[in-house]
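The values are calculated or read from the model by the stated rules, or taken from the named source; none is laboratory data. For clarity, every value in this text was computed on a predicted model and none was experimentally measured. Here the Cβ positions follow ideal geometry from the backbone for every residue, glycine too, while neighbour counts run over all protein chains shown.
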Amino acid sequence: MQPNGGQKLRALRENLGYRMRDVELASNQIAQRFDSEEFSIPPSRLSDIETKGITPSIFRLYSFAAIYRREYRELLCFYGLELDSISADIGFGHPQNSHLSEASNNVTHVRMPTRLDPGFSLQKTTDLKRAIEQWGTVPMAYLDLFADDRYTYGYVGSEDFTMYPILPPGSFVQVDETKNKIVDGIWRSEFERPIYFVEMRDGYTCCWCSKKGDSIVLQPHPLSPVSVRVVRYPQEAEVLGQVVGAAIRLGDWHYSDFQPTPKVRSALTRDVPGQLEKEA
């Protein structure tokens with residue numbers, strides 16, 4: 001049987017040769033230093049913790065860590081609290097004010113990809129879940145979210161300007177696989193319109209989508225140099241899901257990185273007074 005937290009604490013005590021009285025005396029000195037009886041561990045309470053499954057308070061757990069000379073976070077693990085997994089729970093809170101997050105400062109190890117498919121290319125938009133061959137535990141914060149089966153993660157290739165400038169090349173996108181149905185509607189802005197992660201015969205792309213009979217229209221951003229594509233659905237294209245999150249770098253990509261079509265150039269300048277006349 002898997003030992004519970006109290007049994008593990010008892011094993012630590014016995015391995016160190018402590019009697020219950022020894023633990024009491026040491027904890028009393030800690031309580032005296034902090035001027036708080038919360039840190040004291042009487043023999044009766046120690047017996048309850050070790051044999052009756054009583055969970056110690058945070059103060060007594062501190063005393064245990066000091067007396068048994070163990071990391072505090074290790075003792076938390078005895079009771080099922082893994083601080084390294086706190087990044088997976090950050091999203092459940094929704095603070096109204098902007099702030100600096102320090103929740104990951106104490107995260108030491110997370111699961112992340114340690115081996116990628118040799119065919120992975122930074123030039124092409126890719127489904128990262130399929131490119132990952134092996135997961136491992138390494139000291140990197142937040143990447144544990146990659147293991148969530150609900151989401152897949154994509155990388156926008158350095159040559160893919162389909163959704164530029166919303167999703168510039170080099171972006172990482174989070175894709176909700178449960179939202180793989182194309183939704184029609186009237187959108188108040190381009191940020192409300194769903195962006196889909198689409199797999200085609202020749203690779204992947206992020207784009208707006210609409211259905212037209214037995215075809216699917218892959219719509220790029222109006223400022224993108226990429227043309228609209230119409231392909232058969234689902235024979236030639238599959239919607240893997242909707243992009244619900246993105247990590248992008250700002251300021252790295254400029255219009256000089258590609259050759260815009262005349263349509264794009266006019267779209268970029270149509271709101272600038274006198275600009276079109278100057279070009280003419």
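Descriptive notes on the structure:
Condition check ((1) closer than 15 Å to residue 6 by Cα; (2) without any contact (Cβ under 8 Å) to a residue 60 or more places away in the chain; (3) small (Gly, Ala, Ser); (4) touching an Asp or Glu at 6+ places or on another chain (Cβ under 6 Å)) across all residues:
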{"position": "25", "(1), (2), (3), (4)": "no, yes, no, no"}
{"position": "30", "(1), (2), (3), (4)": "no, yes, no, no"}
{"position": "38", "(1), (2), (3), (4)": "no, yes, no, no"}
{"position": "55", "(1), (2), (3), (4)": "yes, yes, no, no"}
{"position": "60", "(1), (2), (3), (4)": "yes, yes, no, no"}
{"position": "63", "(1), (2), (3), (4)": "yes, yes, yes, no"}
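- Residues that are under 22 Å from the mean Cα position of the chain (by Cα) and either surrounded by fewer than 21 Cβ atoms within 10 Å (Cβ to Cβ) or at positive phi (or both) within the stretch 159-169 comprise just one, 166.
- Of the strands (runs of 3 or more DSSP E) lying entirely inside the stretch 211-280, those containing at least 1 residues that are modelled with pLDDT under 90 span 237-247.
- Qualifying residue in the stretch 93-107 (condition: of a type in the set (Val, Ile, Thr), in a loop (DSSP other than H, G, I, E, B), over 25 Å from residue 154 (Cβ atoms) and modelled with pLDDT under 75): no
- In the stretch 199-230, of all residues being under 20 Å from residue 124 (Cα atoms) and basic (Lys, Arg), the one that is surrounded by the most Cβ atoms within 10 Å (Cβ to Cβ) corresponds to 229.
- Boolean, residue 78 is at pLDDT 95 or above, surrounded by 11 or more Cβ atoms within 10 Å (Cβ to Cβ) and over 30 Å from residue 245 (Cα atoms): no
- Only one of 26, 65, 31, 88 that is within 30 Å of residue 151 (Cβ to Cβ) and surrounded by 14 or more Cβ atoms within 10 Å (Cβ to Cβ): 88
- Looking only at the stretch 171-192, residues that are under 20 Å from residue 247 (Cβ atoms) and in contact with a Gly (Cβ under 8 Å, 6 or more places away or on another chain) come to 7 in all.
- Helices (runs of 4 or more DSSP H) fully within the stretch 1-66 that include at least 2 residues being basic (Lys, Arg): 5-16, 20-34.
- Listed by first and then second residue, the pairs linking a residue in the stretch 204-220 that is within 21 Å of residue 170 (Cβ to Cβ) to a residue that is of a type in the set (Lys, Arg), with Cβ atoms under 7 Å apart and 6 or more places separating them unless they lie on different chains, are 208/193; 218/229.
- Scanning the stretch 187-198 for residues that are touching a residue at least 12 places away in the same chain (Cβ under 8 Å) and over 22 Å from the mean Cα position of the chain (by Cα), we see that the one that is surrounded by the fewest Cβ atoms within 10 Å (Cβ to Cβ) is 190.
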